[in-house]
Amino acid sequence: METKQIVVYPNDILTTPTEKTDLKTAQKLAVELFKTLKQEGGLGLSANQIGEDKSVCVVDVTNPFFLLNPVVTKKEKEIIYNEGCLSIPDKMITTKRYERIKVEADNIEGTMVFGPEKDNQVDNDLLILESVCVQHEIDHLNGKTIYDREFKRESFRRTEVKIGRNEKVTITKDKKTLTMKYKKAIPYLEKGWIINGH
């Protein structure tokens, strides 16, 4: 079986939600996707990235698997991540993602959980990478790319006019709160912390 050509952005198939499909079609497509993924050296690939309008994607971070008609049912702990994409070659985009997600798909029973279960697990980085990869591929199936998830730093810079560099601010994220001078808060704001009252 030949490997497929990767569809490069911009292309309508990458920004249009895919059609649901059946298990037999998905299994055949998964073989093609894995073969193409191996050749391209990526971590995940969706059917529309090889020109197929089907809701099927493959991921190979800790173990290879495919998802048929997947849906993210729960998201936990927002994070900022740096992502690349086979359909957007030679670009890295800073995105907003979630550390831990729950997914349902027609080829699995129950719910799959991606991401670390505890904050101090040894393989946290790998588990977070897998979780981000799954979110990335499901986005593809929903007609979204990393450009749609881009984290724009301007959102906090707008407040610079109103807040002096040495003025104290209180920032929050995930129920944590810190108080510090605005100039020291900037790196936190770049990681998704929010100034109270702004």
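The values are calculated or read from the model by the stated rules, or taken from the named source; none is laboratory data. In this text the structure is predicted, and so the values were computed from the model without any measurement. Virtual Cβ from ideal backbone geometry, glycine too; neighbours counted across all protein chains shown. Heavy atoms of the whole protein, side chains included, go into the accessibility calculation; ligands, DNA and RNA do not. Shrake-Rupley method; radii C 1.70, N 1.55, O 1.52, S 1.80 Å.
Relative contact order of the chain, taken over Cα pairs closer than 8 Å and 6 or more residues apart, is 19 percent.
With a cut-off of 10 Å between beta carbons, the residues surrounding Thr73 carry a summed charge of +2, where Lys and Arg count +1 and Asp and Glu -1. Which shape class applies to the stretch 1-91: rounded if a/c is under 1.5, otherwise prolate when a/b exceeds b/c and oblate if not, where a ≥ b ≥ c are the square roots of the Cα gyration tensor eigenvalues? Cα axes put the stretch 1-91 in the rounded bin. Pairs over the 18 Å Cα-Cα cut-off, from the set Lys38/Lys74; Lys4/Lys35; Lys75/Lys173; Lys96/Lys173; Lys35/Lys96: Lys38/Lys74; Lys35/Lys96. Val8 sits among other residues whose Cβ lies under 14 Å from its own Cβ, and their net charge, with Lys and Arg +1 and Asp and Glu -1, is -1. Counting only protein heavy atoms and a probe of 1.4 Å, the accessible surface of the chain is 47% carbon and sulfur. For Leu43, neighbours were defined as the other residues whose beta-carbon sits under 12 Å from its Cβ, and their charges (Lys and Arg +1, Asp and Glu -1) total -4. Within the same chain, aspartates and glutamates fewer than 8 places from Lys181 are excluded, and of the rest, those with a Cα less than 18 Å from its Cα are Glu160, Glu167, Glu190. Gain on full extension, evaluated as 0.36 nm per residue between Lys173 and Glu190 minus their Cα-Cα distance, stands at 4.9 nm.
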